[in-house]
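The values are calculated or read from the model by the stated rules, or taken from the named source; none is laboratory data. Predicted, not measured: the structure shown is a model, and the values here were computed from it. Glycine also receives a Cβ, built like all others from the backbone with ideal geometry; neighbour counts cover every protein chain displayed. Just the protein is used for accessible areas: all its heavy atoms, side chains included, with ligands, DNA and RNA removed. Shrake-Rupley method; radii C 1.70, N 1.55, O 1.52, S 1.80 Å.
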Amino acid sequence: GGLVGFVMGGPLGAAAGAAVGHTFVDRKKGGYSLSGSRSGRALPSPEHTQMIFFEAVFSMLAKMSKVDGRVSEKEVAVIENFMKNELHLDTGSRMAAVQIFRQAIKSSESFESFASQFYMAFSTQPYIIELVMDILFRVASTDGNIQKGEEALLLSASNIFNYTSADYERMKSKYVSTSHYYYAVLNCDSTASNAEIK
């Protein structure tokens with residue numbers, strides 16, 4: 001685990017690698033082994049990339065969950081569902097994710113540092129970036145609204161990932177109503193008739 005952290009460097013370094021150390025097990029169905037090579041060689045690129053994804057995503061989720069002062073049960077449920085039904089993590093990998101999540105909550109590293117290292121690894125893979133933005137929005141909107149601190153982190157991620165404002169509003173509209181913004185632009189509200197809006 002420490003070696004993994006050394007190879008990764010940056011804000012996802014040795015501490016997170018050590019937390020993962022004895023927890024990862026080989027993925028038997030698809031994916032890549034994260035247990036390392038016995039040949040003594042450095043981690044192959046796919047393993048390195050998968051580890052960065054794992055470390056960065058759960059660190060960002062931790063920062064997002066904690067930004068309003070506490071991690072709610074609803075936020076935990078959304079993250080657990082993401083691990084189980086979208087990432088299909090086995091028991092060992094879920095335990096590692098929990099460790100990373102807990103360490104990131106206490107870490108002095110910023111949300112932006114994790115997001116930047118994630119983007120460096122996945123800048124050419126828009127599907128993966130969109131998946132991560134989507135789960136960040138899901139966690140931020142668990143209470144039906146997005147608080148000021150949560151929005152600040154979402155906007156930071158959007159900027160780091162080179163999203164346009166239109167891309168950001170499109171994703172946001174999946175989870176919270178943004179129609180008030182457009183009514184405000186037209187100087188009216190949702191009670192306006194079609195004729196008034198026109």
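Some observations on this one:
- Averaged over its residues, the stretch 60-174 has an accessible area of 50 Å² per residue, based on protein heavy atoms and a 1.4 Å probe.
- Each principal axis of the stretch 54-129 carries a Cα extent, and these read 33, 29, 19 Å when sorted largest first.
- The alpha carbon convex hull volume per residue for the stretch 91-148 rounds to 128 Å³.
- Sorting 53-62, 77-86 by average packing, meaning the other beta carbons within 10 Å per residue, from highest down gives 53-62, 77-86.
- For R170, the solvent-accessible surface with a 1.4 Å probe is about 100 Å², rounded to the nearest 10.
- Calculated from backbone phi, Karplus (6.51, -1.76, 1.60) coupling profile of the stretch 114-125 in Hz, x at Gly/Pro: 5, 5, 5, 5, 4, 5, 4, 7, 10, 4, 9, 10
- Share of carbon and sulfur in the accessible area of the stretch 49-179 stands at 52%, probe radius 1.4 Å.
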